[in-house]
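Right, one structure below, let's go through it.
The values are calculated or read from the model by the stated rules, or taken from the named source; none is laboratory data. Note that the structure is a prediction, hence the values are computed from the model and not measured. All Cβ positions, even for glycine, are placed from backbone atoms using ideal geometry, and neighbour counts span all protein chains on display.
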Amino acid sequence: MQVLLGATLIDGTGASPVPDAAVLIDGERIVAAGPRPAISWRPDASLIVAARASIAPLFSLVPGVDEVVVLPASGAASLSGCDVALLLPNSFHSALTAARAGIRERWGQAVGRRVHGVHPVPP
């Protein structure tokens with residue numbers, strides 16, 4: 001079970017963006033997504049946030065975050081061992097970073113141009 005927190009959720013349906021969202025992923029399936037207070041998950045799920053160095057310290061202040069990984073500018077070795085990635089933004093660079101880290105399951109928003117090898121987040 002993976003839990004992603006703190007990003008703005010855009011579901012691709014035209015609905016308003018949801019700030020401070022939670023996305024719950026079980027295996028290869030997104031089982032819940034929405035405002036953080038409305039989503040619950042098992043306490044044994046681990047939450048790892050990978051972020052650029054400029055914003056990574058902010059995530060260490062977020063309750064429930066188990067680990068903050070600073071993304072290196074040139075690679076993704078620090079992400080190895082993760083099972084699923086939710087790409088925010090869903091860009092070629094984000095997908096390539098996750099792929100280089102060996103993360104086989106990659107999810108991204110289902111709006112605009114689709115990035116190869118990324119599952120669209122269902123509305």
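Details
Quick grid of which residues meet (1) modelled with pLDDT of 80 or more; (2) surrounded by 13 or more Cβ atoms within 10 Å (Cβ to Cβ):
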| site | (1), (2) |
| --- | --- |
| 72 | no, yes |
| 87 | no, yes |
| 96 | yes, yes |
| 113 | no, no |
| 123 | no, no |
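- One residue stands out in region 74-85 among those that are touching a Ser or Thr at 6+ places or on another chain (Cβ under 9 Å) and surrounded by 14 or more Cβ atoms within 10 Å (Cβ to Cβ): the one that is modelled with the highest pLDDT, namely 85.
- Some residue of region 27-37 being part of a strand (DSSP E or B), in contact with a Ser or Thr (Cβ under 7 Å, 6 or more places away or on another chain), modelled with pLDDT of 80 or more and surrounded by 18 or more Cβ atoms within 10 Å (Cβ to Cβ): no
- Residue check, residue 104 at pLDDT 80 or above, among the basic types (Lys, Arg) and surrounded by fewer than 19 Cβ atoms within 10 Å (Cβ to Cβ): no
- Residue match in region 48-70 (condition: outside any helix (DSSP H, G or I), touching a helix residue (DSSP H, G or I) at 6+ places or on another chain (Cβ under 9 Å) and at pLDDT below 75): no
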